[in-house]
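What follows is a set of notes on a single structure, which appears directly below.
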Amino acid sequence: IYILLACSVLAIAAMAERAVIFKREKKLALLVREEFARLMESVDLRAMADDWKPEYGYMSAVLLAALSNRDKPAEVAEAQTSAVAVIERRRLEKRLLILNTLGSNSIYIGLFWTVLGVIKAFRDLSESAAAGPEVVLQGLSEALIATAAGLLVAIPCVIAYNYFQRQVKDLSGDTEAMARMILARIKTKS
């Protein structure tokens, strides 16, 4: 149970930290979308780059990479933009592995302790044959608590992991679409 308690504390910390990061990213993405829509009306990429007011965030970093490479060949600009997108995506996915691991393995930790509890219950029964089913039932109820604890850790971790992965995917898709618009302008300029 103590292992599962430690896992739940770690999971809550990872969820809280990622929630703060993604809340900030959503807020910044909204600002970037508004700025991007305004700047896309500009025909000149140089003017667009000069007017860009970057806020640190995934979307802004990727779009700024595309704009910063506007004078380079289109292939170079695309490669640089993709590299920044990969680096920024890894930053967003940081600590999601913790949630995935805890979500996958907490159940097994609980089941492991359940099996040990069942073994203990049958050993107690064999040691005191006159005691009856009460000995086994007490041991089994203690063992099943470990399974329940494992599920209580695993289910929220899986839900949080899936939610945050979806956030990363949505943000990446929106960013890629906007970056492709800039890269298309770079290609047509060449």
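The values are calculated or read from the model by the stated rules, or taken from the named source; none is laboratory data. If you're wondering where the values come from, they're calculated on a predicted model, not measured in any experiment. Using ideal geometry, Cβ is built from the backbone for each residue, glycine included, and neighbour counts are taken over all protein chains shown. Just so you know, the surface numbers come from the protein's heavy atoms only, side chains and all, with ligands and any DNA or RNA stripped out. Shrake-Rupley method; radii C 1.70, N 1.55, O 1.52, S 1.80 Å.
If you check ARG185 against the conditions, is it within 18 Å of SER60 (Cα to Cα), of a type in the set (Lys, Arg) and under 27 Å from the mean Cα position of the chain (by Cα)? If you could, list the steps in order and put the result at the bottom.
Details: within 18 Å of SER60 (Cα to Cα): yes; of a type in the set (Lys, Arg): yes; under 27 Å from the mean Cα position of the chain (by Cα): no.
No: the conditions fail for ARG185.
Quick one: in the stretch 146-190, of everything that is among the polar types (S, T, N, Q) and closer than 24 Å to GLU88 by Cβ, which residue is most open to solvent (accessible area, probe 1.4 Å)?
Filtering the stretch 146-190 down to residues among the polar types (S, T, N, Q) leaves 147, 162, 165, 167, 172, 175, 188, 190.
From the residues that got through so far, the ones that are closer than 24 Å to GLU88 by Cβ too are 162, 165, 167, 172, 175.
Working: ASN162: 89, GLN165: 53, GLN167: 29, SER172: 12, THR175: 1 Å².
Restricting to residues being among the polar types (S, T, N, Q) and closer than 24 Å to GLU88 by Cβ, the top hit is ASN162.
Where residues in the stretch 1-48 are outside any helix (DSSP H, G or I) and open to solvent by 100 Å² or more (accessible area, probe 1.4 Å), which of them is modelled with the lowest pLDDT? Here the answer is VAL43.
Okay, residues lined up against (1) under 32 Å from the mean Cα position of the chain (by Cα); (2) of a type outside the set (A, V, I, L, M):
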position	(1), (2)
ILE107	yes, no
GLY117	no, yes
ALA146	yes, no
ALA149	yes, no
TYR161	yes, yes
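With respect to VAL136, determine if the residue is open to solvent by less than 50 Å² (accessible area, probe 1.4 Å) and either touching a Phe, Trp or Tyr at 6+ places or on another chain (Cβ under 7 Å) or assigned to a helix (DSSP H, G or I) (or both). Taking the combined requirement at face value, the residue satisfies it.
Tell me, please, whether a residue that is β-branched (Val, Ile, Thr), touching a residue at least 60 places away in the same chain (Cβ under 8 Å) and either farther than 20 Å from TYR2 by Cα or not in a loop (DSSP other than H, G, I, E, B) (or both) can be found in the stretch 98-120. Within the stretch 98-120 (the criterion being β-branched (Val, Ile, Thr), touching a residue at least 60 places away in the same chain (Cβ under 8 Å) and either farther than 20 Å from TYR2 by Cα or not in a loop (DSSP other than H, G, I, E, B) (or both)), the answer is yes, since at least one residue qualifies.
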